[in-house]
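First up is the structure itself, then whatever we jot down about it.
The values are calculated or read from the model by the stated rules, or taken from the named source; none is laboratory data. Since the model is a prediction, treat every value here as computed from it, not as a measurement. Glycine gets a Cβ as well: all are built from the backbone with ideal geometry, and neighbour counts include every protein chain shown. We work out accessible area using only protein heavy atoms, side chains counted, and drop any ligands, DNA or RNA first. Shrake-Rupley method; radii C 1.70, N 1.55, O 1.52, S 1.80 Å.
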Amino acid sequence: MFEWLSDNRALVASIIIILCLLSFLVTVLIGLRANFIRPDKEVFGDPERTKGGWYWAICGISALLLIWFYFSWGVGRAYFPDAANEMCQVAKIEEAISPITASLPVNSRYYKSTSLVKRNIEQLDELAREIRLFDYAPDQQSQLLAVIKDIENILASLSNPAFLKAETQKEIDFISNELIFLAEKFDQEYLSFVISSDALLQDPWGTSDVEIPMLPQTKRGIMYDQMSLDVKSLSKRFLKLRHFPEISKVLIEETKEKLTDLKNGLDETSLDEVNQIKLAGFIKYTDRIFKRVDDGNIFPPGVLEEVTASSNYFLGQLDESKGTLALIDIFFLPGQGVVKSKTQCTEQGSARWLPKPTDVVAKFVVLANPNIEAGGGYKGFPLLWWEWVSIGNLVGFFVPDIFVDLLVENYSEHLESGTFEPNFYDKMLFFAQGELNLGYIPFPNGHIWDSLVRVIVAMFFGIILGVPLGIYMGISKFFKSFFDPLIELYRPVPPLAWAPLILTIFGIQDDGKIFLLFMVAFAIMVISARTGASGTQLSKIRASHSLGATNGQILRYVILPNALPEILTGVRISIGVCWGTLVAAEMLAGTTGVGFIENVARTVSDYELIWVTILIMGLLGLFFDIVMRILIARLIPWRGKG
């Protein structure tokens, strides 16, 4: 069943998009109607006005999903499944003609020849100014300035239309005419084309490692594919085109000899080491500019105007031939479009880093598969599953050996027969070390479970130790004065600043990550409990004293209930901060956990997996927050009611 859903993601997405659109419209109508008939007793600022509103929650989720589907190209793939394949064939043409357009002001402001001349002249002028200031070697200085003058003469000869060879002009005319001829072929009838069986057997768009099918799957796509081959052949011919007048060849050879003499005579100068290095740099820089000039890629101005016009005409005909594909590209595939590289076509723009919702779900289902042998889980570890765990090992984890050592009189000693008979104390030690077979129970494990355990354990110790200390800091001068500087010293430091030190001390095991999270939770809980305790109204405390309450009763029945809202709010904040810190710690060091998965996915640019981990973290954070909302509503129903 899932395999069918995976192969038909476009169909599934089309249904989901329609449902999201309907739910968005319906919930907006329900919300407007509810606001219209709102009871008069609900005034602005009343917390009761915020209760309910489930329809706005559905409206927001629907809007978010619609935006996600749109900018990830999910809408385009759902309703125009052949669009990416046809755009891939168009991208083949754009890639094929790019060697020609790269030399023309088609996608840039200047001809390549103009850019080269402009760049070289500017660099030569700057180099000449620096050489004139270098008067430690007059002979080499004059020779370098002469070489620069020769290079300028070469540029002048290459830019002179009078020196253009007839065969070069003939080749340029041929390329220009051939582009016009190819452009006219866009109007040919392509309905007679036959789609190959190999093309039809390709995986649908986005359902395999090949992002977009390369072989044309439509008749219009076949036309573009064949056109790309013709254009590619023409581009190869253009790349072989060179402009080498005879006068330029002579100047190039003379300049090359002068540069060779300068290089050979470098060691014979009487300059010190610093100036010799500087002179060598001048010669090397001059040689670099010269090598950019003698490759024959500079043409006289106006020579390539016909090729430019032909290229623009060809690209214009290409755009006209797209028809509805151009509208699909503009309205349903936002961003740069499809780009063809050497081996594949890839989505660009927001779709490059924002996977489609159905792809993310498909990736999550693969990760959630507990069958490791069938490719489930990640790095040989399930996402969230269970395993049979020895009860003895669990007992051994919670019962330290030192408890047994305190009770033991003597452990057994081996016998003369070379055997060992354990006594009662030995068996107690076996029990504490988890070596007794007490049976097996199912126990959760996996990347998500490891992350949850680290957060829960750290939060437990943070609350157990932080809340009492915070309360006493709120009511005791000693506790406040003694512990406040210590807490405030490390609390403002970002958790990630502690991470390298703590992970260095504890290693990459769980104890280091748990201790780091404990530091985060502990500081937040101390501040929350202290704020709640110190904020108790003095009138309530004095009233309790007047009624004969003891200090313990005041602490339990007055101060603690008053501090409980702040404490629970601190727990809610701590969970979020600990969760974010944990992921960062797992990214720095770890072999399991949600952060570890995201770190590996980041290194290989697996955007689908990155978004899966982001959604997992978001959903777990939402789960924790909902639990805390329920606890706050149950434990402190008086909050916000005076």
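Details
- Amide H contacts of W386 (H built 1.01 Å from N, in plane; Pro and chain starts excluded): N445 sit under 5 Å, all sequence-distant by 5 or more or on other chains.
- Taking amide H atoms as placed 1.01 Å from N in the peptide plane, the amide H of I298 lies under 5 Å from those of H243, each 5 or more residues away in sequence or on another chain.
- For a straight C-alpha distance cut-off of 25 angstrom, the lysines reachable from K540 (same-chain residues fewer than eight places away being disregarded) are K477, K480, K641.
- Under 20 Å from the Q344 label point (7 Å along Cα→beta-carbon), backbone N, the range 205-227: 205-217
- Label point of N153 set 7 angstrom out along Cα-Cβ; within the range 258-279, amide nitrogens under 20 Å from it belong to 258-263.
- Stretched out straight at 0.36 nm per residue, the stretch from N312 to R629 would grow longer than its current Cα-Cα span by 107.9 nm.
- Part-to-part distance (alpha-carbon centres) for the range 468-507 and the range 162-222, which is given in Å: 67
- Whole-Hz Karplus values for the range 137-146 come out as 9, x, 5, 5, 4, 5, 5, 5, 5, 5 Hz, taken residue by residue from phi with 6.51 cos²θ - 1.76 cosθ + 1.60 and θ = phi - 60°; glycine and proline positions read x.
- Label sites at D125 and A497, each approximated as a point 7 angstrom past Cα along Cα to Cβ, lie 5.0 nm apart.
- Straight-distance crosslink candidates among lysines, where the alpha carbon sits under 21 Å from K291 and sequence neighbours closer than 8 are dropped: K112, K118, K149, K240, K249, K256, K258, K263, K278
- Dipole axis of the chain (+1 Lys, Arg; -1 Asp, Glu on Cβ), positive-most option in L564, M617, W205: L564
- For the chain, the list of Cys residues with no other Cys C-beta under 4.7 Å reads C20, C59, C578.
- Counting only chymotrypsin sites (Phe, Trp or Tyr not before Pro) that DSSP places in a loop and that have at most 11 other Cβ atoms within 10 Å, the longest clean stretch of the chain runs over 45-419.
- Candidate cross-link partners of K219 among the lysines, defined by an alpha-carbon separation under 28 Å and a same-chain spacing of 8 or more, comprise K92, K185, K232, K236, K322, K340, K342, K356.
- Start at zero, step by 5 Å, and the Cα-Cα distances of the range 200-248 spread as 5, 17, 15, 13, 13, 11, 8, 6, 4, 4, 3, 2 percent across the bins.
- By accessible area, using a 1.4 Å probe on protein heavy atoms only, the chain has 62% of its surface on carbon and sulfur.
- Between 0 and 90°, nearest 10: helix 246-264 axis offset from the chain longest Cα axis: 60
- log10 of Debye I(q)/I(0), alpha-carbon scatterers only, for the range 218-307 at 0.26 Å⁻¹: -1.25
- Stretch gain in nm, segment A326-A166, where the contour uses 0.36 nm per residue and the Cα spacing is subtracted: 53.5 nm
- Helix 9-36 vs. the chain, principal-axis angle (Cα, 0 to 90°, nearest 10): 60
- With both labels modelled 7 Å from their Cα along Cα-to-Cβ, the V457 to R602 distance reads 2.4 nm.
- For the range 447-635: rounded, prolate or oblate by the Cα gyration tensor [a/c cutoff 1.5]: prolate
- One decimal place: the segment L5-T114 gains 33.7 nm when fully extended, by the rule 0.36 nm per residue minus the C-alpha distance.
- Along the axis of the charge dipole computed for the chain (Cβ charges of +1 for Lys and Arg, -1 for Asp and Glu, origin at the Cα centre), the listed residues Q226, L21, S248 are led at the positive end by L21.
- Average accessible surface for the chain: 56 Å² per residue, computed with a 1.4 Å probe over protein heavy atoms with every protein chain in place.
- Considering only alpha-carbon pairs that sit under 8 angstrom and 6 or more positions apart, the relative contact order computed for the chain is 13 percent.
- Its DSSP H runs of at least 4 residues, each contributing -39,500 (n - 2.57), put the calculated 222 nm mean residue ellipticity of the chain at -22000 deg cm²/dmol, to the nearest 500.
- In this simple spin-label model, placing a label point 7 Å from the Cα along the Cα-to-Cβ direction at both Y136 and L64 gives a separation of 6.6 nm.
- Computed from backbone phi with θ = phi - 60° and the Karplus coefficients 6.51, -1.76 and 1.60, the 3J(HN,Hα) list for the range 361-366 is 5, 4, 5, 5, 5, 5 Hz; x is used for glycine and proline.
- This model, with +1 at the C-beta of Lys and Arg and -1 at the C-beta of Asp and Glu, gives the chain a dipole about its Cα centre of some 2940 debye.
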